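**Q** Got a structure here, written out as structure tokens. Questions coming.
All of the numbers you see were taken from the coordinates with simple rules; none came from a lab. Just so we're clear, the structure is a prediction, and the values are computed from it rather than from any experiment. Note: ideal-geometry Cβ built from the backbone for every residue, glycine included; neighbour counts use all protein chains shown.
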Amino acid sequence: MEQQRSTWFDPTAIGMLAVALSVIPFSLLLLGVLPSQVMPAIVALLLTTGILSVIVGLISLARGDFAGIPMLLFGLLFMIQPAVSFMMNPGPPNQVTGIVNIIGGVILIPVAIVLGRMSWIPCVFIGLVGIGVILAGCAILGAPPILGLLSAILILLFGVHMLYTGIGLILAQGFGRPILPMGKPMIK
């Protein structure tokens, strides 16, 4: 008797929406749109959506999907790490977070280049968030505060991109064809 192999549904859309769900409010907090009193809720959101992003990343990698790499990176370095760091030491981010941001941002640049083979949209926005995260790391380490503001704007743009792309993937999966434009390949 032949066994039927189980296949997993593509979780990328869920991961993207989880990232958007935490990145957008966090960026609004950094921009001063949300009051600092919401920080505990942001930390809880970063932790829970970070865990979801790690799960999505692991499933994606098990499926052989490149999307698992950025999902793991976002979940571990940019969501869970800052949440746990804040829970252990409430207050401004420490130097370790600044260094992690700089290294993580540098890692995102080649990820953006690879994504450019699929579409220019993720290439541009992953590249922008890579720069934004590097700027955030520099601001944490003592660079002029304007870099932190610019970082928050770039991260907010990335969050909106993740929301758009996550919704686009859900619509494409539900209708069996692309509904929202996702862009053409930028790199051949």
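**Q** So, by mean Cβ neighbours within 10 angstrom, what's the order for 41-52, 123-134, 106-117 with the highest one leading?
**A** 123-134, 41-52, 106-117
**Q** Okay, moving on. Sorting check: for 29-36, 95-102, which peptide has the highest mean count of neighbouring beta carbons within 10 Å, and how do the rest follow? List each step's numbers first, then the result.
**A** On the way: 29-36: 13.0, 95-102: 17.4.
For the peptides 29-36, 95-102, the packing ranking is 95-102, 29-36.
**Q** How do the peptides 156-163, 74-81 rank, highest first, by the average count of neighbouring beta carbon atoms within 10 Å per residue? Intermediate values should be presented prior to the final figure.
**A** On the way: 156-163: 20.8, 74-81: 22.9.
For the peptides 156-163, 74-81, the packing ranking is 74-81, 156-163.
**Q** On the principal axes of its Cα set, how long, how wide and how thick is the range 12-175? Give whole Å, largest value first.
**A** Between the extreme Cα coordinates on each principal axis of the range 12-175 lie 44, 28, 27 Å.
**Q** Indicate the helices, whole DSSP H runs only, in the chain that combine a mean Kyte-Doolittle hydropathy of -1.0 or more with a Cα extent along their long axis of 27 angstrom or more.
**A** Helix filter hits for the chain: 39-62, 95-115, 120-140, 145-175.
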